[in-house]
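Right, one structure below, let's go through it.
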Amino acid sequence: MTTKLRVGTRKGLFIFEKSHGEWRCGEPCFLGEPVSMAMADPRNGDQYTALNLGHFGVKLHRAEAGSARWTEIAAPTFPKASDGDGPALEQIWELVPGGDRAGTLWAGTIPGGLFQSTDRGESWSLVESLWNRPEREKWMGGGYDKPGIHSICVHPHDSRLLRLAVSTGGVWESADGGANWNLTGQGLRAEFLPPDMAHDPAMQDVHRMVSCAASPDRLWIQHHNGIFRSDDGGHRWTEITGVKPSVFGFAVVVHPRDPATAWFVPGIKDEYRVPVDGRLVVNRTRDGGKTFEQLTAGLPQSKAWDLVYRHGLDIDASGEVLAFGSTTGNLWLSEDQGDHWQCLSNHLPPINVVRFDPAGPEEAPG
Amino acid sequence: MAIISFTDNLKRHVDCPPRDVAASTVMEALRQVFAENPRLGGYILDDQDRLRKHVAIFVDGALIRDRARLSDPLAPASRVDVMQALSGG
């Protein structure tokens, strides 16, 4: 079972570790700096923290396995335009290991760039095959001024097979390591568009997309106006309707071995973005979205206004431990798949991202 | 020689002591500093070599006007102050 949890906030990185049965927070890293993404690489233990300094731009830091010594490495940069009017990086929004290709990392950014590193983040290159797709003209900002790539799923058995999601810009797939891209996402529906455009796959506001590690063609989406499930690698999607208390939210996780089990944190849609009736709940389905349970034990059931961002919910490699954090700075953790929650803190800065470290070799699930 | 100095808030991230520069524009002055301290460049300029949105540069007490190319002229004894703008939060 996982014993380390990274919590990236508006004011630094906080690492919780389980020791003698209790989760405790160590000294903050990067105190005062906005953390937009955190990741521990399961292949070699490398630790990465992406910062979004208010004045001085986006920075990326790496520490070796088990080390608290961080070193600034290269952040992705957009190619210089001849007229000087090109894009500039605003945020690292996603950072994932590149599977069996040692040293390879993928980063999704605002504005909507996909970047690849083959040297543990020492250098980055923009994936121009996606950046130059004409459909990108339809992409729009979703919450931020510019569109961004927030979800990248690398197929666990074929690291050249990539699926990613854009807010707003739909779902994209590459079968050749990023050389060519297909716009997928048939069946996604956007309520916020004129009716005749609602099914345009290039204009879907996917809030978060995840795939099941053991069954990677099963993907789940928390979309701006609904929950969707795909059983064919993201080509076709089925909308899950009638979910109480709402289908709106940002975050979703799927069980690493059971593709039918997924968790969501619902809220009132767009104009409010707070829990319905001030009751904070986590929704869980165990049957592929046919039914949902509202998990409430240990969560505030009145006057709670916590918003959970798209990277603010995570599940560990065992599939037993979940954690989520809110923009109100509250952090909860469950060690029984969400049946019961314990509050780890009520006093953190606004939480952007929650990430479990991968289990060590002796802890890997059987 | 002109002298260029940097806000203490930047020194939290990158070592950047004041430095004499022989330059006729703000960009020339920065290029001289970046040649010795390349990491500093990414803190002041964006991907397109524009001045970052929330960084302010003063030449002899006046805010520079050309944030895209940093072509504002320097006198031989100008003082260049690289500061953070309060707009950055």
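Readers should treat all values here as calculations from the given coordinates under stated rules, not as data from a laboratory. If you're wondering where the values come from, they're calculated on a predicted model, not measured in any experiment. All Cβ positions, glycine included, derive from the backbone under ideal geometry; neighbour counts span all protein chains shown.
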Mean per-residue count of partner chain Cβ within 10 Å for A:237-245 equals 0
If amide H atoms are modeled at 1.01 Å from N in the peptide plane, then the residues at a separation of 5 or more from A:S151, or on another chain, having amide H under 5 Å from its own are A:A165
Flagged as over-length at 28 Å C-alpha distance, from A:K146/B:K11; A:K11/A:K80; A:K4/A:K146; A:K80/B:K53, the pairs are A:K146/B:K11; A:K11/A:K80; A:K4/A:K146
For the stretch A:290-366, the Kirkwood Rh over every pair of distinct alpha carbons, in Å, works out to 13.3
For A:W93, the residues 5 or more places away or on another chain with a placed amide H closer than 5 Å to its own amide H are A:G108, A:T109, A:I110
For A:K244, counting only lysines whose alpha-carbon sits under 25 Å away and dropping same-chain residues fewer than eight positions off, the answer is A:K269, A:K290, A:K303
Per DSSP loop assignment and a cutoff of at most 14 other beta carbons within 10 Å, chain A keeps its longest run without exposed GluC sites (Glu not before Pro) at A:272-366
Expressed as a whole number, the average count of other chain Cβ atoms within 10 Å around the Cβ atoms of A:55-66 is 4
Here the tail fraction of P(r) beyond 15 Å, over all Cα-Cα pairs of the stretch B:2-88, rounds in percent to 53
For the stretch A:295-307, Karplus-derived ³J(HN,Hα) couplings (6.51, -1.76, 1.60; θ = phi - 60°; whole Hz; x for glycine and proline) come out as 8, 10, 5, x, 9, x, 10, 7, 6, 10, 10, 6, 10
For peptide A:77-89, the mean count of other chain Cβ atoms within 10 Å per residue Cβ is 3
Among A:D83, A:D100, A:D145, the residue with the largest mean-square fluctuation in a Gaussian network model of chain A built from Cα contacts under 10 Å is A:D83
Long-range amide H partners of A:R273, meaning residues 5 or more apart or on another chain whose placed amide H is closer than 5 Å, are A:I268
Cα extents of the protein assembly as shown per principal axis, largest first, Å, are 74, 55, 44
Length-normalised contact order of the stretch A:1-91, Cα under 8 Å, at least 6 apart, in percent, tallies to 17
